[in-house]
Amino acid sequence: MATYVFSDVHGHFGTLDRMLERVSPSADDRIFMLGDMIDRGPEPMAVVRCCHDLPNTTVLMGNHEDLMLSCYADPDDPAGFINWEINGAGPTRRGLRELPAEERVELARWMFTLPRYATVELGGRWYLLVHAGIDPQRVPQHLPEVWDEAAIDEMMADQHPDDLMWIREDFWGAPSGLIDERGEGPIVIAGHTPTRYLDFMADRPDRPSTDEDGLCRMVRVGACDETGGVADRWDIDCGCAGGAGFGKLLMLRLDDGEEIYEPVREGE
C-alpha cells in the first residue's frame, strides 16, 4: 500500500489523466488531493469528477473551491462573483452549465462537504496536509509530548479556516512551530503557492524552485537547527495553474519521497 499526495490541478484534466495512468494506483493505495481542482484550465469539471470518483481518495477544500461555493451560496453578492471571476472562473462556470442538472447538484453538494485538512502517519512521522498552510502564530508555544491525530486536531482547532485555504507569506516565511529541535513533530504539506513564488517568500528552501527546463518543481522549506535539520514545510504546487511552459503536476509518494511529474502540454 502506498500513499500519494497531489494538488492544484486547476482544470488540466489531460495532465491528471496521464499522471494517473503512469502511477496506476492500486485498490489499496491512499490518495490525498489538496484542493484547487477547478478554474483556469480547460476541463475543471472533468477534474472534479475524476477526483470525486478516485477510490480511497481524500479531497481537501482549496481556495478556488471556496470562491466558487461562496459565489453560489450568495448569488446576489456581486463581490463574490467578481472575486471568483478574476481568479479564473470562466472555464468552471462553462463546465457547470454543460453538466446535466443532477450531476451538477451532486458534485456541488460534495464540494460543500470537503474538509480543510487531513492527517496521515507514515514510518513514525505525522504529516499535516492542507491546501495553503497554517498560521504559525496560532500554533501553541508548548507542543505535545506525543503527536497523534487527536493532538493535531486540537492544535488545528485554533487555526482560522480562511488561513488554511489562503495563507502564503506568513506560512512560507517562518517556521511552522510544529517541529522541535530534535526534529520531532508533523511536517506540513501544502499547495496553493506555485513553488516559483517561494523564491521571494520562503526561508531556507532546499533547492531552486525550477528544474533544468524552467518548470516548477517541489520545494522543501525550513530545515535549520531549531527543527533538528528537518524541513518542516513542503510545497507541492508545481504550477499547473500557469499552464504549458510554466508548470507540471506532481504526484508525491510519501512512503519514499518519490516525486513523479507530468508536464502540462500545450492546449490542455
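Give me the residue from region 214-268 that is of a type in the set (Asp, Glu), touching a strand residue (DSSP E or B) at 6+ places or on another chain (Cβ under 7 Å) and farther than 15 Å from Ile187 by Cα and, out of that set, surrounded by the most Cβ atoms within 10 Å (Cβ to Cβ). If we take residues in region 214-268 being of a type in the set (Asp, Glu), touching a strand residue (DSSP E or B) at 6+ places or on another chain (Cβ under 7 Å) and farther than 15 Å from Ile187 by Cα, then Glu262 is surrounded by the most Cβ atoms within 10 Å (Cβ to Cβ). Listed by first and then second residue, the pairs linking a residue in region 67-90 that is under 20 Å from Val9 (Cβ atoms) to a residue that is of a type in the set (Ser, Thr, Tyr) and surrounded by 17 or more Cβ atoms within 10 Å (Cβ to Cβ), with Cβ atoms under 8 Å apart and 6 or more places separating them unless they lie on different chains, are Met68/Thr92.
Scoring Asp162 on the criteria (1) modelled with pLDDT of 95 or more; (2) surrounded by 15 or more Cβ atoms within 10 Å (Cβ to Cβ); (3) touching a helix residue (DSSP H, G or I) at 6+ places or on another chain (Cβ under 9 Å) leaves a single failure, condition (2). Listed residues Ser176, Ser70; which is among the small types (Gly, Ala, Ser) and within 17 Å of the chain's Cα centre (by Cα)? Being among the small types (Gly, Ala, Ser) and within 17 Å of the chain's Cα centre (by Cα) holds for just one of Ser176, Ser70, which is Ser176. For region 6-33: of the residues being aliphatic (A, V, I, L, M) and more than 12 Å from Cys51 (Cα to Cα), which is modelled with the lowest pLDDT? My answer is Ala27.
List the number of the failed condition for Ser24; all other conditions in (1) of a type in the set (S, T, N, Q); (2) crowded, with 24+ Cβ neighbours inside 10 Å; (3) without any contact (Cβ under 8 Å) to a residue 24 or more places away in the chain hold. Result: Ser24 passes all but (2). Look at (1) farther than 18 Å from Arg109 by Cα; (2) touching a Leu at 6+ places or on another chain (Cβ under 8 Å); (3) surrounded by 21 or more Cβ atoms within 10 Å (Cβ to Cβ) and you find that Glu43 fails only one, number (2). Only one entry in Gly90, Gly95 is surrounded by 17 or more Cβ atoms within 10 Å (Cβ to Cβ) and among the small types (Gly, Ala, Ser), namely Gly95.
The values are calculated or read from the model by the stated rules, or taken from the named source; none is laboratory data. Predicted model, so just to flag it, every value in this text is computed and none were measured. Heads up, the Cβs are rebuilt from the backbone with ideal geometry, glycines too, and the neighbour counts pull from every protein chain shown.
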